[in-house]
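Data block below; observations after.
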Amino acid sequence: MHSLPAHLLAIAGAALGTPWLACHEARLLSKGTPLNPGLLDWARQAGIANPGKARFLSTSVIPLPAPMFVRRFLDKRGFPCIHLAGLSLRNGIYLSDQLRDPNETVKHELIHTRQYQQAGSIFEFLRRYLFQCLTDGYSDCEMEREARNESRR
């Protein structure tokens, strides 16, 4: 059963998030590090189109388009918004500088890159992703399960 409020929230979130995401993706593409040869091969095998465009940047705090009090509120309700390991912004990936093995997180985020490609636009990816998180919960949403499962192969 589809929830109208969840659909509306997902559309609103995607509309608000798309410009923020595009701006941060541009930053990541200009300042980020390209994938190493092993990750490039992995990405090609995982079906990511043009993995040579992908860039990642390690940072102490991964930005989100929400003030910290909102991030804390969401974090307490199961949405990881404070201590993120990574965040895919289509071809740009933020990584926590606290990771022991960043390759695992890069692989997970690259699956999200593929999901952006399959969705056809930032807006459509965000709409689908937010709807799934709102209706199924972050950990149980289909796109997160896919990223978790495929990044481990």
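The values are calculated or read from the model by the stated rules, or taken from the named source; none is laboratory data. Just so it is clear, the model here is predicted, and its values are computed rather than measured. Positions of Cβ are generated from backbone atoms using ideal geometry, with glycine treated the same way; all protein chains shown enter the neighbour counts.
For segment 17-39, how many residues meet the condition of being surrounded by 13 or more Cβ atoms within 10 Å (Cβ to Cβ), more than 14 Å from PRO63 (Cβ to Cβ) and in contact with a helix residue (DSSP H, G or I) (Cβ under 9 Å, 6 or more places away or on another chain)?
Residues flagged as surrounded by 13 or more Cβ atoms within 10 Å (Cβ to Cβ), more than 14 Å from PRO63 (Cβ to Cβ) and in contact with a helix residue (DSSP H, G or I) (Cβ under 9 Å, 6 or more places away or on another chain) within segment 17-39 amount to 5.
I need the full set of residues from segment 95-109 which are among the acidic types (Asp, Glu), surrounded by fewer than 19 Cβ atoms within 10 Å (Cβ to Cβ) and outside any loop (DSSP other than H, G, I, E, B), in order please.
Selection gives GLU104 alone.
Go through LEU126, LEU87, LEU95, LEU110 for me and flag whichever is more than 25 Å from LEU9 (Cβ to Cβ) and within 10 Å of the chain's Cα centre (by Cα).
Within the list LEU126, LEU87, LEU95, LEU110, the selection yields LEU110.
Yes or no: segment 93-116 includes at least one residue that is more than 25 Å from PRO37 (Cα to Cα) and among the hydrophobic types (A, V, I, L, M, F, W, C).
Checked segment 93-116: no residue is more than 25 Å from PRO37 (Cα to Cα) and among the hydrophobic types (A, V, I, L, M, F, W, C).
Among the residues in segment 76-94, are any modelled with pLDDT of 95 or more, part of a helix (DSSP H, G or I) and surrounded by 13 or more Cβ atoms within 10 Å (Cβ to Cβ)?
no
Restricting to segment 128-153, name every residue that is within 19 Å of GLY78 (Cα to Cα), part of a helix (DSSP H, G or I) and among the charged types (D, E, K, R).
Of everything in segment 128-153, those that are within 19 Å of GLY78 (Cα to Cα), part of a helix (DSSP H, G or I) and among the charged types (D, E, K, R) turn out to be ARG128, ASP136, GLU142, GLU144, ARG145, GLU146, ARG148.
If you take the residues of segment 40-60 that are in contact (Cβ under 8 Å) with a residue 40 or more places away in the chain, hydrophobic (A, V, I, L, M, F, W, C) and surrounded by fewer than 19 Cβ atoms within 10 Å (Cβ to Cβ), which of them is nearest to LEU89 (Cα to Cα)?
Selected residue: ALA49.
Which condition number does ARG114 fail, the rest of (1) crowded, with 21+ Cβ neighbours inside 10 Å; (2) charged (D, E, K, R); (3) touching an Asp or Glu at 6+ places or on another chain (Cβ under 9 Å) being met?
So the condition that ARG114 fails would be (1).
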